[in-house]
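A short worksheet on the structure shown next.
The values are calculated or read from the model by the stated rules, or taken from the named source; none is laboratory data. Note that this is a predicted model, so its numbers are computed, not measured. Cβ atoms come from the backbone with ideal geometry, glycine included; neighbour counts cover every protein chain shown. Surface accessibility is based on the protein's heavy atoms, side chains included, excluding ligands, DNA and RNA. Shrake-Rupley method; radii C 1.70, N 1.55, O 1.52, S 1.80 Å.
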Amino acid sequence: MATYTHSAGVHSTPGADDLAEGHVVNVQGGDWDQEMGELGMNPEERIVLNMGPQHPSTHGVLRLILELDGETVTEARAGIGYLHTGIEKNMEFRTWTQGVTFCTRMDYLTPMFQETAYCLAIEKVLGITADIPERASAIRVLMMELTRISSHLICLGTGGMEMGATTIMTIGFRERERILSVIENITGLRMNNAYVRPGGVASDLPHGAIDKIRETVPQVRRGIGELEKLLLENPILKGRTKDVGVLSLTGCTALGITGPVLRSTGLPHDLRKLSPYCGYEKYDFDVVTRTGADAYDRLCIRLDEMRESLRIVEQVTDELQRNPGPVMVADKRIAWPAQLAVGGDGMGNSLDHIREIMGTSMESLIHHFKLVTEGFRVPPGQAYVAVESPKGELGCHVVADGGTRPYRAHFRDPSFNNLQAVAAMCEGGNLADVIVAVASIDPVMGGVDR
């Protein structure tokens with residue numbers, strides 16, 4: 001067996017101490033047949049390429065083990081685990097509310113979806129799903145759809161960059177900055193927000209947030225239009241993505257693949273329509289599908305989904321302006337303070353809020369202290385809740401034993417399931433198409449290696 005690895009500035013030939021089962025060859029650039037001829041290798045020998053561990057369109061560290069016949073991939077396997085964080089295990093040693101700070105860091109491009117799925121599962125075990133204020137649910141929808149756009153922009157931008165289209169990346173990141181500016185204005189953080197809490201959200205929209213959103217939406221819509229003009233009819237891009245990474249409906253069903261990869265086969269599977277949560281049934285939007293089942297159609301789906309998300313954002317902002325109200329459940333045994341205000345220095349809580357907590361009564365101060373330090377108790381039980389993340393079905397299964405911490409919290413991350421498609425998408429195709437196929441899956445390794 002011969003192993004082919006790519007490394008800068010190294011060009012070595014087999015030696016006496018090569019491994020018994022074969023030899024390792026490091027080559028750089030040049031014509032493939034010429035390189036093989038100079039090394040005296042039999043063209044029929046099996047070539048194994050280790051692509052990674054690195055970032056080939058994966059937003060994290062992934063190793064792809066590829067067996068090659070010339071430029072054709074005959075076998076593809078994914079090696080994961082390089083970004084392992086132990087998040088699920090860590091959550092067992094934190095209160096239910098503190099768990100939000102952990103799960104938001106799994107897929108760091110879609111933090112609002114992990115937070116929402118986790119909190120919806122907790123609320124289901126507590127039996128307070130119907131008690132969540134409508135305004136809190138609307139804010140959750142708003143934040144999830146803004147995050148969906150942000151995630152898709154990263155997918156398209158980095159995917160374009162991997163194919164050499166740096167302009168796609170600069171436009172994608174420019175529009176994402178607009179989205180992150182809105183998210184930061186509302187939550188105080190660009191990413192890993194810990195904004196969605198059991199019972200509602202951490203705080204209401206700040207003054208001027210709705211005006212900022214309405215100002216941002218048309219700007220992002222124009223940016224999406226720019227991406228469409230650069231991408232959709234570009235003959236080079238179509239040549240690189242058409243009939244690349246094909247996975248049929250049968251393959252998606254067999255592997256449990258969801259999200260844009262599944263919808264590119266023509267199946268309109270979207271949990272926002274099939275099993276609405278957070279009031280999604282109130283909003284008018286379309287489930288985008290295509291039938292080509294290839295990388296090009298997944299790109300088109302993500303562009304159209306961003307437009308649909310902007311439609312939802314506009315509807316939610318209208319609803320939030322019409323309907324003021326609480327953003328946290330009324331049960332004070334569960335509810336963390338949600339009427340927070342940032343201090344004048346941009347950090348911590350405002351003095352007014354501190355005076356209110358400390359000056360109301362000793363009992364309220366003690367209650368606040370115990371709620372924050374010990375957490376609330378969740379009765380024994382378990383629940384599974386799934387939401388439609390930008391990459392597919394994101395599910396959270398929580399198990400409670402009656403204590404203040406999860407007995408178990410497990411997430412069905414779509415990137416983990418969708419990576420199973422690497423072999424089906426890549427085998428039989430060219431080596432250069434592997435990057436395009438993986439980019440069309442849009443895996444984030446923080447969710448895979450949680």
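Quick notes on this one:
- On Cα atoms only, tilt of 362-373 relative to the major axis of the chain in degrees: 10
- The solvent-accessible area of His367, taken with every protein chain present and a 1.4 Å probe, is close to 80 Å².
- Additional length obtainable on full extension of the chain from Met362 to Arg46, 0.36 nm per residue less Cα span: 106.3 nm
- The angle separating the long axis of helix 351-360 from the principal Cα axis of greatest extent in the chain is about 50 degrees.
- Protection proxy ranking of 379-391, 74-86, 310-322 - average other beta-carbon atoms within 10 Å, highest first: 379-391, 310-322, 74-86
- Spacing of the two label points (7 Å from each Cα toward its C-beta) at His207 and Ser248, in nm: 6.2
- Extension gain, Ser181 to Tyr82, is 32.6 nm, computed as 0.36 nm per intervening residue step minus the present C-alpha separation.
- With all protein chains modelled, accessible area of Thr101 [1.4 Å, Å²]: 60
- Between the beta carbons of Arg311 and Met191, assuming R0 = 25 Å, the FRET efficiency works out to 0.55 to the nearest 0.05.
- Value of Rg to Rh for segment 208-348 (Rh from inverse mean 1/r over Cα pairs, i.e. Kirkwood): 1.09
- Inter-label distance for Gln321 and Asn234, nm, one decimal - labels placed 7 Å from Cα along Cα-to-Cβ: 3.6
- Residues of segment 89-117 with amide N under 17 Å of the 7 Å Cα→Cβ point at Gln382: 89, 92
- Within the accessible surface of the chain, defined with a 1.4 Å probe on protein heavy atoms only, the carbon and sulfur portion equals 53 percent.
- Antiparallel bridge percentage (DSSP; both residues within the chain; nearest 5): 80
- A 1.4 Å probe run over the protein chains yields, for the chain, 43 Å² of accessible area per residue, whole-number rounding.
- Listed peptides 197-203, 174-180 by packing density, highest first (mean Cβ within 10 Å): 197-203, 174-180
- Distance between the 7 Å Cα→Cβ label points at His397 and Ala330: 3.6 nm.
- Loop-located GluC sites (Glu not before Pro) in segment 188-284 (DSSP state not H, G, I, E or B) with no more than 15 neighbouring Cβ atoms inside 10 Å: Glu233.
- A 1.4 Å probe over all protein chains sorts Phe93, Phe102 by accessible area into Phe93, Phe102, starting with the largest.
- Helix 166-187 and the long axis of the chain differ in direction by around 20°, with both axes built from C-alpha atoms.
- Only Lys, Arg (+1) and Asp, Glu (-1) charged, at Cβ; the chain dipole about Cα centre in debye: 1800
- Whether segment 243-307 is rounded, prolate or oblate, judged on the alpha carbon gyration tensor where a/c under 1.5 counts as rounded: oblate
- Student exercise, segment 289-330 dipole from Lys, Arg, Asp, Glu Cβ charges, in Debye to nearest 20: 40
- Ordered by 1.4 Å accessible area with all protein chains kept, Met306, Met358 run largest first as Met358, Met306.
- Most fluctuating residue given options Gly99, Gly279, Gly60, as computed from a GNM of the chain linking Cα atoms under 10 Å: Gly279
- Percentage relative contact order, segment 127-215, counting C-alpha pairs under 8 Å, at least six apart: 27
- Which label in (1) 19.7, 61; (2) 24.5, 85; (3) 21.9, 66 gives the computed Rg and Dmax of the Cα atoms in Å: (2)
- Net length available on complete extension from Arg355 to Gln34 is 107.8 nm, with 0.36 nm assigned per residue and the Cα-Cα distance removed.
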